[in-house]
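Before any comments, here is the structure.
The values are calculated or read from the model by the stated rules, or taken from the named source; none is laboratory data. What you see is a predicted model, and the numbers here were worked out from it, not measured in a lab. As a convention, Cβ positions derive from the backbone with ideal geometry for all residues, glycine included, and neighbour counts pool all protein chains shown. Surface accessibility is based on the protein's heavy atoms, side chains included, excluding ligands, DNA and RNA. Shrake-Rupley method; radii C 1.70, N 1.55, O 1.52, S 1.80 Å.
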Amino acid sequence: MKRIIITGALGQIGTELTFKLMEKYGEENVLPTDILESNSGDVISKHLKILDVRDIESMKKIVEEFKPDTILHMAAILSATCEKNPQVAWDINMGGLVNALEVARIHKLKFFTPSSIGAFGPTTPKINTPQSTIQRPNTMYGVNKVSGELLCDYYYIKFGVDTRGLRFPGLISHVKEPGGGTTDYAVEMYFEAVKSGKYTSFLDKGTCLDMMYMEDAIDAIIQLMEADGKELKNRNAFNISAMSVTPEMVANEIRKHIGDFSLYYKVDPVRQGIADSWPNAIDCFEAKRQWGFAPRYNLELMTEVMLEAINNKKSLIKA
Ligand code: VAH
């Protein structure tokens, strides 16, 4: 990768990914795009171009002007929001993906888009979920992710587009909070622990899901995209995860820093249903073997970093 265009650059992953890529490849070689505007005054807002990924003509025009060698297609609607309006979700998630793949094909771009543990369903083995296994998700988000994985593999086989993808677990970040996800409870818990010392989880006690700190997710994207394509036996998409946690495990780790933190439960049946259809702990052997995936953050270190960063934000706001 030398010159990169990103869609969904204002999203939870897109934001930190854009900052990291600008640092690594140079501000002038990274073009952030998003359907939203930004007046944050940061380096993303300085370079941001407005792009609705359903508008292929605008996408083509931006690519023709910027001349990237890579497109990182991050624009998507997350799991819980997809269930609120599945038809719009299909339109954005799949319409946007087809457009990005077509632009990659026409302009011979290297291509990345995220998949998710959401690409698995209730009949998928829940423990040590294999790289290749049953994928019958019963959510619109999962249908989008499985269809997306198949479409990206098709563009590689049929047109030779260098497509690559990662099945992300729940991603925990403090730079940009997520929106509309099922795993968002974990991020909310950290922020509420600092803000009020208590949190009411919309997922039930004992709900075990794969999670990862955002820095590991960003590093994994760059590592996969810089890997030698000839060594990849899989492409769309690799299982990756750093930990399998329940709400009470996160709360117990928070209590090592905020002793009187209280966790309550008010289960949201929609998001509980989504979470129950996902695996508990996926197997990441192929990512480790084929391109050296090696997450650095476990629950203990992630909690330390999250609480420190949120506390710093809080003191900055107070100052
Ligand atoms: C979601 N954060 O909750 C996303 C992710 C594995 C979860 O795909 O929809």
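In deg cm²/dmol, rounded to 500, what helix-only [θ] at 222 nm does the chain give when every DSSP H run of at least 4 residues adds -39500 (n - 2.57) and the total is split over its residues?
Working: 12 runs with 145 residues, N = 319.
That calculation yields -14000 deg cm²/dmol at 222 nm.
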Original post:
Pick from Ile92, Ile106, Ile218: which residue has the top mean-square fluctuation in a GNM of the chain where Cα pairs under 10 Å get a spring?
Top reply: Ile106
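Skip the ligands, DNA and RNA, and give the accessible area per residue of the chain with a 1.4 Å probe, whole Å². Present the calculation step by step, with values, prior to reporting the outcome.
Details: 13780 Å² over 319 residues.
Accessible surface, normalised per residue, equals 43 Å².
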Original post:
Picking from Leu301, Leu51, Leu263, which is most flexible by a Gaussian network model of the chain using Cα springs under 10 Å?
Top reply: Leu301
Original post:
Roughly speaking, what is the stretch gain from Lys288 to Val267, that is 0.36 nm per residue apart minus the C-alpha to C-alpha distance, in nm to one decimal?
Top reply: 4.0 nm
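Which FRET efficiency value, to the nearest 0.05, do you get for Asp91 and Glu188 by plugging their Cβ-Cβ distance into 1/(1 + (r/R0)^6) with R0 = 22 Å? Before the final figure, lay out the partial values.
Numbers: r = 28 Å, r/R0 = 1.27.
That pair, Asp91 with Glu188, gives E of 0.20.
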**OP:** For the stretch 191-198, just list the computed ³J(HN,Hα) in residue order, Karplus coefficients 6.51, -1.76 and 1.60, θ = phi - 60°, integers in Hz, with x standing in for Gly and Pro.
**Re:** 5, 6, 4, 6, 6, 10, x, 8
Subject >> Added length on full extension, which subtracts the Cα-Cα distance from 0.36 nm per residue, Ile134 to Lys198 >> reply: 19.2 nm
**OP:** Can you spot the lysines whose alpha carbon is less than 23 Å from Lys67's alpha carbon? Ignore those fewer than 8 places along the same chain.
**Re:** Lys2, Lys20, Lys24, Lys46, Lys49, Lys108, Lys110
**OP:** Identify the residues of the stretch 276-319 with backbone N under 16 Å of a label point that sits 7 angstrom from the Cα of Asp219 along the Cα-to-Cβ direction, or state none.
**Re:** 287-289, 291-306
**OP:** Report, by chain and number, residues whose modeled amide H sits under 5 Å from the one on Lys49, excluding near sequence neighbours (fewer than 5 apart, same chain).
**Re:** Thr33, Asp34
Subject >> Charge dipole (debye, nearest 20) of the stretch 84-139; +1 at Cβ of Lys and Arg, -1 at Cβ of Asp and Glu >> reply: 140 debye
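Please report, in debye to the nearest 20, how large the charge dipole of the chain is about its Cα centre when each Lys and Arg carries +1 at its beta carbon and each Asp and Glu carries -1 there. Let's see the in-between values first.
On the way: 37 positive and 41 negative charges, 68 e Å.
Dipole of the chain, to the nearest 20 debye: 320 debye.
Sorted by packing (mean other beta-carbon atoms within 10 Å per residue), highest first, where do 163-172, 22-31 land? Write out the running numbers ahead of the final one.
Details: 163-172: 26.0, 22-31: 16.4.
Going from most to least packed, we get 163-172, 22-31.
Are there any trypsin sites (Lys or Arg not before Pro) in the stretch 266-295 that are in a DSSP loop and have at most 14 other Cβ atoms within 10 Å? List them by number. Write out the running numbers ahead of the final one.
Details: sites: Lys266, Arg271, Lys288, Arg289; in loops: Lys266.
Hits after loop and neighbour filter: Lys266.
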Original post:
Per the Debye formula with a single identical scatterer at each Cα and no solvent contribution, what log10 I(q)/I(0) holds for the chain at q = 0.10, 0.11 Å⁻¹?
Top reply: -0.54, -0.66
Subject >> With every protein chain in place, the stretch 16-74: carbon and sulfur % of accessible area (1.4 Å) >> reply: 48 percent
Original post:
Can you give the charge dipole size of the stretch 247-319 about its Cα centre, rounded to the nearest 20 debye, using +1 on the beta carbon of Lys and Arg and -1 on the beta carbon of Asp and Glu?
Top reply: 300 debye
Original post:
For Val43 and Glu64 in the same chain, what is the full-extension length gain: residue separation times 0.36 nm, less their Cα-Cα distance, in nm?
Top reply: 5.3 nm
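Could you tally the net charge around Val175, taking each other residue with its Cβ under 10 Å from the Cβ of Val175, Lys/Arg +1 and Asp/Glu -1? Mind dumping the intermediate values first?
Details: positive: Lys176, Lys313; negative: Glu16, Glu177, Glu215.
The answer is -1.
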Original post:
In whole Å, what is the distance between the alpha-carbon centres of the stretch 204-281 and the stretch 138-187?
Top reply: 13 Å
**OP:** For the chain, with a Gaussian network of springs between Cα atoms less than 10 Å apart, report the residue from Met212, Met302, Met74 with the top mean-square fluctuation.
**Re:** Met302
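Probe radius 1.4 Å, ligands and nucleic acids ignored: give me the carbon and sulfur share of the accessible area of the stretch 230-319 as a rounded percent. Don't jump to the answer; show the numbers that get you there.
On the way: 2460 of 4680 Å².
Looking at the stretch 230-319 in its full context, I get 53 percent from C and S.
What does the charge add up to near Tyr156, with Lys and Arg as +1, Asp and Glu as -1, over the other residues with Cβ less than 9 Å from its Cβ?
+1
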